[in-house]
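What follows is calculated from the coordinates using simple rules that are stated; it is not laboratory data. None of the values given here were measured: they were computed from a predicted structure. Cβ sites come from the backbone with ideal geometry, for glycine too, and all protein chains shown count toward neighbours.
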Amino acid sequence: MIIKKLENKSFIVEISELVSDDPLNTNLLLKRINYNFDKKNYESALFDLKQCLSIDSLNPTFHFLSAKSYFEISKVDNSKVSYPQYAISSIQKSLEIDPDNTDFLLLFGELQLAFSRYEDAIDLFNKCLKLDYNIYRAHHLMGYSFKKLDKIENAINCFQNAININPSNSNSYLELALIFHSQNDTTAIEYYNTILTIDSNDIIVLYNLALFYQENEDYNNSLETYSKILKIDNFNANVHYNIGFIHMELKLYDIAVNNFADAIYSESSFYQAYYARGICFETLGNIAQAEVDYKRAIEINSTYIYAKEALDNLIKNNLKYK
């Protein structure tokens, strides 16, 4: 059937009218399914896929798309507790019909990964790569599987393979950066900076890079990197807090007070910032304001032991409370 463009009608209205006229036409149904996939309307896609499978239960693509729909829905709706298993069942049916389809193997591997079956996932990714070595996502997800198994050298190799295949995708660079960051290896800086050549405004990467500098007491580079984040997001409470923490380490308590105030302004329930500002006020001799901040931290989080201990010590150590 030739689909004619109807004036003043959206694609979804047009295709739905055609499906209504010819409900057993799987080509029309697939067009609407693809439209709903593009719009991330997976429940709508699933509705049509069930119709497709009732017409042709041996079509592996229909089973594959059903599996993908169930999987995507389960990621955002925890109430669909049976959907991950439906996804597994659907993708297995796809592979029974077409066992050497790399798309099917890749999705099955992702599902095994979601179920924390890392060894099974690796087997599936390997099968996928034997059929087509140049599948970036298979290398990347296999690296992630090895990482979860704490097989770090294997993970590094997989992520590097993924980069060789697709050097413009930042995900594998980030995984490598995080691995080296956890090892306190300065190689992490190289990978963070590589990602920033791809996207200089990646706040997560900038934050991790700044944190790496901070953890290694390279405060100048850390502050410079945090300042880049604030140019993008001036109300980033964690950044203001970390800058304040650095200034505390440098014993610049009057500056740190302002940083923690900015953190509190950005996030009014930031009890750690009240506590830290209280320490600064106490150090500067402003006992009354320190008391206010410690109490405010406790009001927000009554179990925050550091603020409780700080307030107790403040009371014990100052004559005005005797």
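Remarks
- Calculated [θ] (222 nm, deg cm²/dmol) that DSSP helices of n ≥ 4 give over the chain, each run adding -39,500 (n - 2.57): -24000 deg cm²/dmol
- Relative contact order for the chain, counting Cα pairs under 8 Å that sit 6 or more residues apart, in percent: 6 percent
- Number of Lys pairs (Cα under 19 Å; 8 or more positions apart or on different chains) in segment 235-322: 7
- Taking only the alpha carbons of segment 238-293, we obtain Rg and Dmax values of 9.8, 27 Å in that order.
- Value of relative contact order over segment 235-322, rounded to a whole percent, pairs C-alpha under 8 Å and six or more apart: 21 percent
- Normalising the average separation of contacting C-alpha pairs (under 8 angstrom, six or more residues apart) by the number of residues puts the relative contact order of segment 139-191 at 26 percent.
- Ordering 235-242, 276-283, 196-203, 250-257 by mean Cβ neighbour count within 10 Å, with the highest value first, yields 276-283, 235-242, 250-257, 196-203.
- Grouping the Cα pair distances of segment 220-319 into 5 Å bins from zero gives a pair-distance distribution of 3, 15, 24, 22, 19, 9, 6, 2, 1, 0 percent in increasing distance order.
- All C-alpha to C-alpha distances of the chain, sorted into 20 Å bins beginning at zero, yield P(r) values of 23, 38, 30, 8, 0 percent in whole numbers.
- Kirkwood hydrodynamic radius computed over segment 127-234 comes to 14.5 Å, based on all pairs of distinct alpha carbons.
- Nearest-20 debye value, segment 235-322 charge dipole, Cβ charges on Lys, Arg, Asp, Glu: 300 debye
- Burial ordering of Glu153, Glu267, Glu224, fewest other beta-carbon atoms within 10 Å first: Glu153, Glu224, Glu267
- Cross-link pairs exceeding 28 Å in C-alpha to C-alpha distance, out of Lys130/Lys151; Lys40/Lys147; Lys80/Lys148, comprise Lys40/Lys147.
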